[in-house]
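These notes concern the structure reproduced below.
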């Protein structure tokens, strides 16, 4: 078989995909260019600060929709949300439809019964290191991403990164729920130590739930539930969280989970959580329950179904009264407790497993969304994953992203057919902390990966009117070495041909509607041999190929598809309304292009109509 020809495809994509709308008693709107003088309508929106301080207009049960774009907080500090809902009538704050909303700063939630979901909260302040010791250096100005000071708040499916801490909720803010959030790259480096955690919380009464969050690569700890004797650490419920790599941006692996302080933690529950540090001995990464060596421990601890991996310490358990401990796997050393009473109902080992382990956890609040965790102990190039529990239905179009490179190209896209998919395990790209960090962050080894699968579109939510944009290849912009030449069998009698040393071509499509699109290319292998080219988004190459038939020197239509291992699936793209530029940069020649088609009719095939 001939050598693979490598190409690069650059395309502007929306990061976040369509979500079902929710409707309260009344809908209100804000936008990045909204005004205090607005009416809160879709045509005359408020600015966000006005809306967050407008409890007279936004009432219990209402929905506040944020139009897409970046909301810059002055000084990259906080938007203070003073809205207040009621029991069974929370105020929901979320993006409008599939629009991508970015808060560049932080959010303080000051009113109760609020649902905050599907936002990206980040901070683009460049300073990430200081010469001032302690937890509050004057020159580190980033706030916590989402900081909750009120009861009955739900924080759902947000991306929170590059703040001082990611998520916080304090002792007198009971009955909060933090679900499905992706929290990473929070913190800074000081002269004394790294500072800043993915989660920093306390709780006095009620219950505080952390469930199905992805928390990784924060400067100090992943989850810190800590306080002195003057505060409270009561009734925390941690379930299904995936916590890994914390401490890496600070220069050394640290703690994925700390639960305990110098006050007794009452009735903590840890169920089905997954933590990972490499199995290499001696690096120090651990989970610490009870706050060894000087902590006050815990009472009524429930630990069940957790999978803790670390060559440093899989678990430190200090001064804890255990109510139940069963079905856990502690893969690595443990410390500060006698494991023998628990050996029958739990697995304690430092031996590397022989078989892979794949865990899929579906999302309660978004159909077709799930987290995939792969322990690739067999070190395969790709791992088969069963998505039947992810909430997808046959015909849904889905994408899978590597969460360590969340804004990069999806590693897999396709139409769900109820079968297993091959998930590549050789990724190396990583979304690094913003700003002047002192230490580099690298991707985890191929033995461990975490992925986000999302339903992009289904058969019931396609646009009523299909959009199809067609372009002759010779009408596109192209590099000087790419020639347009006569070709009697081309669609308009002319095609473009790449020379042996490569070249580039680009076209812009003005899309009248956002939606899911399929890309088709009419191509010919001039040498009559097998060819393929790689597609990628921006600077993040993906294992994505479009293949031409071996030995076929005739024109043929090929649709964008994606290869993972030996399997392939059609590839689809979520595109926004307006101008979209698609560019091909060729590494070598041997191909000619005749025509491009971009269409939202997902059942369309050019061979059936041309």
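Laboratory data are not the source of any read-out in this text; all were calculated from the coordinates shown. Keep in mind the model is a prediction, meaning the values are calculated, not measured. Note that we place each Cβ from the backbone using ideal geometry, even for glycine, and neighbour counts take in every protein chain shown.
Side notes on the structure shown:
- Among beta bridges that DSSP assigns inside the chain, antiparallel share in %, nearest 5: 45 percent
- Among 443, 195, a tally of other beta-carbon atoms within 10 Å of each Cβ gives an order, fewest to most, of 443, 195.
- Here the ratio of the Cα radius of gyration of the stretch 239-356 to 2.2 N^0.38 Å is 0.99.
- Within the chain, the percentage of alpha carbon pairs spaced more than 35 angstrom apart rounds to 44%.
- When only alpha carbons are used to place a centre, the stretch 393-438 and the stretch 180-242 end up 25 Å from one another.
- FRET efficiency, residue 355 to residue 133 (Cβ-Cβ, R0 56 Å, nearest 0.05): 0.75
- Expressed to the nearest 5 percent, the antiparallel share of DSSP beta bridges inside the stretch 146-349 is 5 percent.
- Along principal axes, Cα extents of the stretch 367-457, largest first, whole Å: 47, 30, 16
- Cα convex hull of the stretch 21-78 - mean projected area over all directions, nm²: 4.2 nm²
- Here the contact order of the stretch 388-508, divided by its residue count and restricted to Cα pairs under 8 Å and six or more residues apart, works out to 22 percent.
- Among 327, 510, the ranking by other beta carbons within 10 Å of each residue's beta carbon, starting with the fewest, stands as 510, 327.
- Considering only the stretch 43-142, percent of DSSP beta bridges that pair antiparallel, nearest 5: 5 percent
- P(r) of the stretch 146-349 over all Cα-Cα pairs, binned every 10 Å from zero, in whole percent: 10, 39, 39, 12, 0
- Panel order for 379, 571, by other beta carbons found within 10 Å of each beta carbon, from fewest to most: 379, 571.
- Among 347-354, 295-302, 240-247, 150-157, the order from most to least packed when residues are scored by Cβ within 10 Å on average: 240-247, 150-157, 295-302, 347-354
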